């Protein structure tokens, strides 16, 4: 089953004066996939979304969304995509139901506003003016507007910025529900957890370049990610014995704790079994897993949250 | 066209919900009419000579309504829509870009028409407002005047760097213009020097054209006024097209 990709980007190039926003970006998004684009502010995420959303003309490169060129075929493409833009708004005095009604009127194919509102937990806010919605409600409202016409591809730029963790998780559920209906989603984020938990694949971008693109797990693994098991022992024990175990890569002592780095789900079990066989009881056992955050640091040399 | 009618309707509702804009376009000209009408009345031997004051002043108030919605409301609204990203959001819908702006213009034109209707109805009910003109030239004068002011408003929105700038520049042009052009105050009250200098103001020619149509002066005597307004409309539109930005 090799359906045509829903989004294809080949050699996307875009600069604003001296600032490079997209540099030889090449990737594709399979139909029904959630692709996350992660990078610091100014890395080129918004430029990418704007080029795909027909708002900006690339300097060079081939873009295809549902087989259409966003620059040339904008009129054919716009009815088929749903877009949530980072710096976009609606008039403060516009009521939510009016906004949905208005956006629905732009489309031939559309869902019932009441259904979309109910799905996004906004049924009670239909009569509230945009300016009176909370941050989370506003974000959900923009998602509702992006979904009113049953788009095949949805582009979401920083959709959970400014939301509290609970609201953010609510939005993730919505995005997953979209994907489960077969919608292709490209989203940008600068929240590592969002990329890790929500996205099928993640593109890491830095200065307009894609430095890595893979599933979150494989990105972590490729960046040298591993598991770490640490514990204390109060009986003397020759640590070399642990070093010979298959999943173990390295054993060392840090601040009076033994730290074992290795791979695989069985790491902790094997270590404890080996220690127990020698009659040693490890205390205060902790296990940690490298995260996408570590991978991002390794790939870009930058921390995501420093701006 | 799909959605344009709905957007126009929504824009009209939003206009009414913005108390300040609604007041200045719809209520303020009526208030002026009430105040000056109460002071000077509408007798043919009154302050404006052989026509009643209200009959003489009404075309100016019509010009005031047109300038308020065309220049000020349109200019500031479009600049604000751009600044807030509302134009951006509408641009990623199937609505054609031109249609987004056309809906703004259409909504404000309807508002202008309603404002003029309220003004005329008030004048008629309270002061026995009398119009010597015929419908054709009156409609043409209203259309030409609106085209000029709406084009200027669109030029203002395009040139202004921000919504605040559009507001500041718009007010700075609007207030002197309504008093010097004969829109808010009868021209006869102004010193000659100022009256002559006021020919540089587009609204002066709007007032002239509306007064001529109102008093039934043959339109063939107004060719130079029509030419000035036509040229202003073309130049303002060209400036708007040339400098317009969506964000």
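The values are calculated or read from the model by the stated rules, or taken from the named source; none is laboratory data. Source: prediction; values computed, not measured. In this analysis, Cβ positions are derived from the backbone assuming ideal geometry, glycine residues included, and neighbour counts consider all displayed protein chains.
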**Request:** Quick one: count up the residues across segment A:75-112 that are surrounded by fewer than 18 Cβ atoms within 10 Å (Cβ to Cβ), in contact with a strand residue (DSSP E or B) (Cβ under 8 Å, 6 or more places away or on another chain) and facing another protein chain (nearest Cβ under 7 Å).
**Result:** 1
**Item:** residue B:185 over 23 Å from residue B:19 (Cα atoms) and part of a helix (DSSP H, G or I)
**Value:** no
**Prompt:** Could we say that residue B:89 is in contact with a strand residue (DSSP E or B) (Cβ under 9 Å, 6 or more places away or on another chain), surrounded by fewer than 19 Cβ atoms within 10 Å (Cβ to Cβ), at the interface with chain A (Cβ under 9 Å from one of its Cβ atoms) and over 24 Å from residue B:152 (Cβ atoms) here?
**Reply:** no
**Request:** Scan segment B:227-243 for residues that are touching a residue at least 60 places away in the same chain (Cβ under 8 Å) and buried (at least 17 other Cβ atoms within 10 Å of the Cβ) and report the count.
**Result:** 7
**Request:** Restrict the check to segment A:48-57 and report whether at least one residue is under 30 Å from residue A:219 (Cα atoms), more than 11 Å from every other protein chain (Cβ to nearest Cβ) and in contact with a strand residue (DSSP E or B) (Cβ under 7 Å, 6 or more places away or on another chain).
**Result:** yes
**Prompt:** Restricting the search to segment B:94-122, which residues are part of a helix (DSSP H, G or I), over 29 Å from residue B:223 (Cα atoms) and touching a residue at least 60 places away in the same chain (Cβ under 8 Å)?
**Reply:** B:97, B:99, B:100, B:103, B:104, B:107, B:118, B:122
**Fill in**
The condition from (1) within 11 Å of another protein chain (Cβ to nearest Cβ); (2) farther than 22 Å from residue B:149 by Cβ; (3) at pLDDT 90 or above; (4) surrounded by fewer than 18 Cβ atoms within 10 Å (Cβ to Cβ) that residue B:10 misses is numbered (4)
**Fill in**
Only unsatisfied item for residue B:72, checking (1) part of a helix (DSSP H, G or I); (2) surrounded by fewer than 21 Cβ atoms within 10 Å (Cβ to Cβ); (3) more than 13 Å from every other protein chain (Cβ to nearest Cβ), is (2)
**Complete:** Those helices (runs of 4 or more DSSP H) completely within segment A:191-307 that have 1 or more residues that are under 18 Å from residue A:39 (Cβ atoms) are A:192-198, A:216-222, A:292-300
**Asked** Of the residues B:58, B:113, B:122, which single one is away from every other protein chain (no Cβ under 14 Å), farther than 23 Å from residue B:201 by Cβ and in contact with a helix residue (DSSP H, G or I) (Cβ under 7 Å, 6 or more places away or on another chain)?
**Response** B:122
**Request:** Scan A:187, A:163 and give me the residue that is over 30 Å from residue A:274 (Cβ atoms) and in a strand (DSSP E or B).
**Result:** A:187
**Item:** Matching residues in segment B:13-43 - criterion: being more than 14 Å from chain A (Cβ to nearest Cβ), within 19 Å of the chain's Cα centre (by Cα) and without any contact (Cβ under 8 Å) to a residue 60 or more places away in the chain
**Value:** B:23, B:24, B:27, B:28, B:31
**Asked** Any idea which of A:164, A:132 is surrounded by fewer than 16 Cβ atoms within 10 Å (Cβ to Cβ), away from every other protein chain (no Cβ under 13 Å) and out of contact with any strand residue (DSSP E or B) (no Cβ under 8 Å at 6 or more places or on another chain)?
**Response** A:164
